[in-house]
Structure formats: structure tokens, C-alpha cells
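See structure below.
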């Protein structure tokens with residue numbers, strides 16, 4: 001703002017100076033009537049700065065000893081002086097006009113330079129504004145790219161962490177499944193072993209129970225006189241809980257009817273039969289192989 005005020009003040013000063021020069025030139029262009037005198041006066045025009053009119057210095061007065069000019073010579077000298085003064089004023093006016101034109105041109109050049117400078121400053125400011133806007137847009141774009149890259153990085157880390165967690169969970173599940181399968185296999189082997197042992201125990205107990213029944217039936221048997229050596233019979237005995245015999249059938253036997261009847265009678269006399277060592281082993285029908293050892 002101060003710079004523009006200085007420019008305005010300079011323009012105002014130059015315009016005022018040009019107007020003053022033009023007014024002075026107009027005044028000096030008016031004809032000057034010299035008074036009638038016998039004394040000859042010479043005018044010398046001194047040109048100084050174009051901003052002010054040159055003063056007219058009067059010629060020195062002639063000494064008394066000199067000869068006075070004649071009236072005709074005085075009139076000629078006055079006309080010549082007026083002509084020279086007019087030419088001097090014209091020259092002064094031209095100089096002042098030239099100075100005014102130069103001042104106006106200088107003012108115009110200064111104004112043009114100022115306008116050019118202002119336009120350049122405006123252009124630079126516009127270019128700077130555009131550059132700043134581009135920079136802000138670029139910074140925003142870079143920041144957005146960084147934000148997206150950070151989001152992608154965080155999402156990738158989360159995805160990898162989730163995959164790792166799932167893989168660890170799957171690995172643990174597989175290990176747990178393997179452990180569970182191993183335990184189940186071990187339990188199955190144990191159950192199978194226990195079942196085999198129980199089956200063996202049941203078989204052994206069943207065999208012992210059958211031997212006890214057979215022994216009691218054999219003790220109750222009364223040998224008939226017709227019994228031959230090598231007696232071997234398959235006997236089916238039907239009982240009820242508590243061991244009471246309710247039926248006897250000699251199915252396969254290498255003896256006669258008398259011996260068969262004696263075996264059936266022995267089974268009934270052996271009632272009640274010995275109980276099994278385990279109530280779960282009880283069977284309603286028991287098959288015995290009747291083969292006395294003392295024959």
C-alpha cells in the first residue's frame with residue numbers, strides 16, 4: 001500500500017511540474033514591447049533546468065565616454081533583441097515541452113513498469129497459489145495412499161494373525177483328536193482285553209460250573225450191571241433258578257436203555273444243581289458230557 005501511495009505521489013508531482021512548464025511557456029510566448037529609449041539593452045537568455053524559466057539578464061550600461069547609437073540603430077537593435085528573445089522563448093518552450101513529453105513518457109514507462117511488476121507479482125502469486133494447491137493435493141494424495149497402505153498392512157496383519165490362530169487351533173484340534181483317538185484306542189484295547197479276560201473267566205467259570213454239575217450227577221449215578229466200558233453220553237439238563245432240575249434228556253449215548261434211564265435218574269437225584277460262581281452265568285439248559293472217570 002505504501003509503495004502504491006509513493007507511485008501516486010510521484011505521478012502527481014510530475015503532472016504538476018508539466019502543467020507549470022506549459023503555463024510558463026504560454027506566458028513567455030506573449031510579445032514584449034520595449035520602451036523607446038536611447039539606451040541599447042542586450043538580453044541574454046540563460047537556460048537552466050527545464051522546470052523553471054531562464055532569467056533575462058540586462059546588458060551592462062554603456063560608459064559615458066562611448067558614443068550613443070542613433071535612433072535607427074536603437075530600433076534595429078530592439079527588433080533584433082525582441083526576435084532573439086522570441087526565439088529564445090520558443091526554444092525554451094520546446095525544451096519545456098520536450099521535458100514534459102519526456103516526463104510523461106517517463107511516468108508512462110514507470111506506470112507500465114509498475115503495472116508489469118504488479119502483473120508479474122500477480123502471476124507469481126497465482127503460480128504460487130497453483131503450486132501450493134498442487135502441493136496440497138499431492139500431499140493429500142500421498143497421505144491417502146499412506147492411509148490406505150496402513151489399512152492394508154493392518155488388514156494383512158490381522159488376516160495373517162487370524163490364519164495363524166486358525167492354523168494353531170486346527171493343529172491343536174488335530175493333536176487333541178490324535179490324543180482322543182489314542183485314548184479311545186487304548187480304552188478299546190483295555191475294554192477288549194477286559195472283555196477277553198472276562199470271556200476267559202466266564203468260560204473258565206462256566207467250565208468249572210459244568211464240571212461241578214457233571215461231578216454231582218456222576219456221584220448220584222447208580223451203575224447198572226449192563227454198563228459197558230467206555231461209556232460216553234451227551235446229556236441235556238433243564239433247570240430253573242435255584243438249581244432244581246425239571247427235565248433230563250440223553251441225546252447221544254453208546255449205552256442201552258437201562259443205562260440211559262440210570263443217567264436220567266442220576267440227574268434228577270443231583271437236584272438242586274450247584275449254582276454258578278456268577279449269577280450272570282446261569283443258563284436254563286445245560287449240556288453235560290456224561291463220561292464217568294472210574295469206569
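For the stretch 80-93, enumerate the residues that are surrounded by 11 or more Cβ atoms within 10 Å (Cβ to Cβ) and farther than 14 Å from residue 18 by Cβ. Write out each step before concluding.
Just the residues of the stretch 80-93 that are surrounded by 11 or more Cβ atoms within 10 Å (Cβ to Cβ), to begin with: 80-82, 84-93.
Scanning the stretch 80-93 gives 80, 81, 82, 84, 85, 86, 87, 88, 89, 90, 91, 92.
Among all positions in the stretch 223-233, there is at least one residue which is under 27 Å from residue 203 (Cβ atoms) and exposed (fewer than 15 other Cβ atoms within 10 Å of the Cβ). Picking from residues in the stretch 261-295 that are in a helix (DSSP H, G or I) and modelled with pLDDT under 90, the one that is surrounded by the most Cβ atoms within 10 Å (Cβ to Cβ) is 281.
Of the residues 168, 102, 120, which is more than 30 Å from residue 12 (Cβ to Cβ), surrounded by 10 or more Cβ atoms within 10 Å (Cβ to Cβ) and out of contact with any helix residue (DSSP H, G or I) (no Cβ under 7 Å at 6 or more places or on another chain)? Outline the logic, then answer.
Working: 102 fails: more than 30 Å from residue 12 (Cβ to Cβ); 120 fails: more than 30 Å from residue 12 (Cβ to Cβ).
168 is the lone residue from the list that is more than 30 Å from residue 12 (Cβ to Cβ), surrounded by 10 or more Cβ atoms within 10 Å (Cβ to Cβ) and out of contact with any helix residue (DSSP H, G or I) (no Cβ under 7 Å at 6 or more places or on another chain).
The combined condition, being free of Cβ contacts under 8 Å to residues at least 24 places away in the same chain and assigned to a helix (DSSP H, G or I), is not fulfilled by residue 202. Taking residues in the stretch 95-107 that are in the same structural domain as residue 17 (by TED's automatic domain parsing), and partners anywhere that are in a helix (DSSP H, G or I), the pairs with Cβ atoms closer than 6 Å and at least 6 places apart or on different chains are 96/21; 96/25; 100/18; 100/21; 103/14; 103/18; 107/11; 107/14.
When residue 240 is tested against (1) crowded, with 17+ Cβ neighbours inside 10 Å; (2) under 30 Å from residue 279 (Cα atoms), only condition (1) is not met.
The values are calculated or read from the model by the stated rules, or taken from the named source; none is laboratory data. These numbers were taken from a predicted model, which means no experiment stands behind them. Quick reminder, even Gly has a Cβ in these numbers, built from the backbone with ideal geometry, and neighbours come from all protein chains shown.
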